[in-house]
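The values are calculated or read from the model by the stated rules, or taken from the named source; none is laboratory data. Here the structure is a predicted model, which means the values were calculated and not measured. Neighbour counts are summed over all protein chains in view; Cβ atoms, including those assigned to glycine, are modelled from backbone coordinates with ideal geometry. Accessible surface areas use protein heavy atoms only, side chains included; no ligands, DNA or RNA. Shrake-Rupley method; radii C 1.70, N 1.55, O 1.52, S 1.80 Å.
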Amino acid sequence: MKTFMVQGTTSDAGKSTLVAGLCRVFANLGYKVAPFKPQNMALNSAVTADGGEIGRAQALQAFAARVEPQIDFNPILLKPNSDTGAQVIVHGKAISNMEASSYHDYKKVAMDAVLTSHQRLAKNFDLLMVEGAGSPAEINLRANDIANMGYAEVVDCPVIIVADIDKGGVFAHLVGTLALLSESEQARVKGFVINRFRGDIKLLESGLDWLEERTGKPVLGVLPYLHDLALDAEDAIAIDNLVAANQGQRIINIAVPLLPHISNHTDFDALRLHPQINLNYVKMGEKIPSCDLIILPGSKNVISDLAFLKSQNWHQHIQTHLRYGGKVLGICGGYQMLGNSISDPHGIESKLESSAENNSVAVKGLGLLDIDTELSEEKTLTRATATMNLAGKSCQVAGYEIHCGRSTGAALTAPLLTQLSFSSGSGSNFDNQPAEISNDGAISEDKLIVGTYLHGLFDNAQATDVILHWLDKDHGVTGNIDIAEHRETQLERLAGVCQKYLDIGKIEQIIKQGITTSSKQQEEKA
């Protein structure tokens, strides 16, 4: 197996997108490609066929490579649950919560997990397309590094570095990053890619010539700024959305409170991209505007985010919204917030102040659904299909569940989803019911409030139609987006851009050659 690594000068330089594009390009060339990210820090995750949890970007890259997502594509996933701590997930399973200082010491153990995954993938793939994390030039994080050059040095793979010209200072980013690497690390950097360029390429050419002369490294391509490229985000929330250009056209207005630990916000991509739907992320200090639907999203720290929601007076805005006949949908952590109470007796996701005793105290929820939730040590990780029944309409839906909570209460007698079927993972008991009952979620008696643990509802075009019918049977919205079809179209477009603007032949040559050793090293080996 050949290994090729993409590192970046900064976070959001374009590593995830470039790796996705290259995965599709080389899959199209006949390679059996696997994406790989040794360590990822993100709240946007996906459930794999082998019942684990990986970063959303690696699932996207797997789709690009036309392979099924699996835990080895992202052996270490960190899901922040505070400013200084995170849940540590190894090979798809949560092992503990760690503070940053403790995890720094744990990296030596984590590297073993990374290399185990690397070796397993080597048995089944021709090419490992690796994404780094942040920047390799973070001096304070270089000790025991497993995410960038630390990994590249151990597996001895070539590296290219991508930089975002739209941020400004692209030459300083590239030259400075290279200068801060060790001699051996500099040697394994085989070229640069400049991302998000807009303008006349002729005005950039003198800078490219200077860069190559200064560093001795080739520029392998300049990727254009793709204004409307829409792919699953690794972590950053895309708050822009497409709204109808014709102001006389019927628009559905949806508001999503932006919680500090919001997770799996890709749930709303199909809504954000729909030209007849106005999706509005409500930020701190803002009032929830008049709208047709308020969606409470998933959360990695439900109790903390519930307290934040109340501190913003959003709970009062929700009550006003309901009094005027508005609808509310809660997904996963948002579903739990809709209930009477949430307790965390094991300190799974949050600690109230510093007292472990406080974790057994039930925190008051919004009281909009008659359920009570207890966070448990066993984490549900599963893909599922079900029948959704709402407002006299029904359809088949597919999605996934990632949560620690178990909910009980009278509201569960009116479930949103029935005939639930599980395709992978653990914890197939939903709402603390035996698995054979196969129900999930709840619908309030007045039919204004619904909740579910299932992520990905709106990825299903038919499910979107049912929910819009619940909002307004005469909504008039057409052309609901099927996310799987949309993703495939976008990946093919991205691959075409990479083929056009990158020197794929040179990149393939770098991959085949690997690391070219110096003449002295060659003599020593001989």
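Quick notes
- Residue check, residue 495 part of a helix (DSSP H, G or I), aliphatic (A, V, I, L, M) and open to solvent by 50 Å² or more (accessible area, probe 1.4 Å): no
- Pairs meeting the criteria (first residue in the range 222-235 and of a type in the set (Ser, Thr, Tyr), second residue modelled with pLDDT of 85 or more, beta carbons under 8 Å, at least 6 apart or on different chains) are 225/166; 225/196; 225/197; 225/198.
- Those residues of the range 131-145 which are buried (at least 24 other Cβ atoms within 10 Å of the Cβ) and of a type in the set (A, V, I, L, M), in sequence order: 133
- Residue check, residue 274 open to solvent by less than 10 Å² (accessible area, probe 1.4 Å) and outside any helix (DSSP H, G or I): yes
- Conditions (1) open to solvent by 20 Å² or more (accessible area, probe 1.4 Å); (2) over 21 Å from residue 7 (Cα atoms); number of the one not met by residue 85: (1)
- Subset of the range 434-445 (residues that are in a loop (DSSP other than H, G, I, E, B), over 18 Å from residue 340 (Cβ atoms) and either at pLDDT below 50 or open to solvent by 70 Å² or more (accessible area, probe 1.4 Å) (or both)): 434
- Consider the range 498-518 and keep the residues that are open to solvent by 80 Å² or more (accessible area, probe 1.4 Å) and either hydroxyl-bearing (Ser, Thr, Tyr) or modelled with pLDDT under 90 (or both). The one that is farthest from residue 2 (Cα to Cα) is 501.
- For the range 375-414, the set of residues classified as part of a helix (DSSP H, G or I) and either touching a residue at least 40 places away in the same chain (Cβ under 8 Å) or among the basic types (Lys, Arg) (or both) consists of 410, 411, 412, listed by residue number.
- Remark: pairs (first residue in the range 167-187, without any contact (Cβ under 8 Å) to a residue 24 or more places away in the chain; second residue part of a helix (DSSP H, G or I); Cβ separation under 8 Å; 6+ apart in sequence or on different chains) = 186/178.
- Identity of the residue in the range 198-251, buried (at least 18 other Cβ atoms within 10 Å of the Cβ) and polar (S, T, N, Q), that ends up modelled with the highest pLDDT: 215
- Residue check, residue 268 open to solvent by 20 Å² or more (accessible area, probe 1.4 Å) and among the hydrophobic types (A, V, I, L, M, F, W, C): no
- Among the residues making up the range 292-310, those that are open to solvent by 20 Å² or more (accessible area, probe 1.4 Å) and not aliphatic (A, V, I, L, M) are 292, 304, 308, 310.
- Candidates 128, 115 - the one that is outside any loop (DSSP other than H, G, I, E, B) and open to solvent by less than 10 Å² (accessible area, probe 1.4 Å): 128
- Considering the range 444-470, the residues that are over 28 Å from the mean Cα position of the chain (by Cα) and touching a residue at least 40 places away in the same chain (Cβ under 8 Å) include one that is nearest to residue 381 (Cα to Cα), namely 444.
- Those residues of the range 345-403 which are open to solvent by 30 Å² or more (accessible area, probe 1.4 Å), polar (S, T, N, Q) and either at pLDDT 95 or above or out of contact with any Leu (no Cβ under 6 Å at 6 or more places or on another chain) (or both), in sequence order: 354, 355, 360, 385, 389, 394, 396
- Candidates 113, 100, 122, 86: the one that is touching a residue at least 24 places away in the same chain (Cβ under 8 Å), of a type in the set (Gly, Ala, Ser) and over 27 Å from residue 382 (Cβ atoms) is 122.
- Taken over the range 48-77, residues that are in a strand (DSSP E or B) and open to solvent by 10 Å² or more (accessible area, probe 1.4 Å) amount to 0.
- Top-ranked residue in the range 146-165 [being of a type in the set (Asp, Glu) and surrounded by 14 or more Cβ atoms within 10 Å (Cβ to Cβ); ranked as farthest from residue 211 (Cα to Cα)]: 153
- Filter result for residue 217 (part of a strand (DSSP E or B), more than 28 Å from the chain's Cα centre (by Cα) and basic (Lys, Arg)): no
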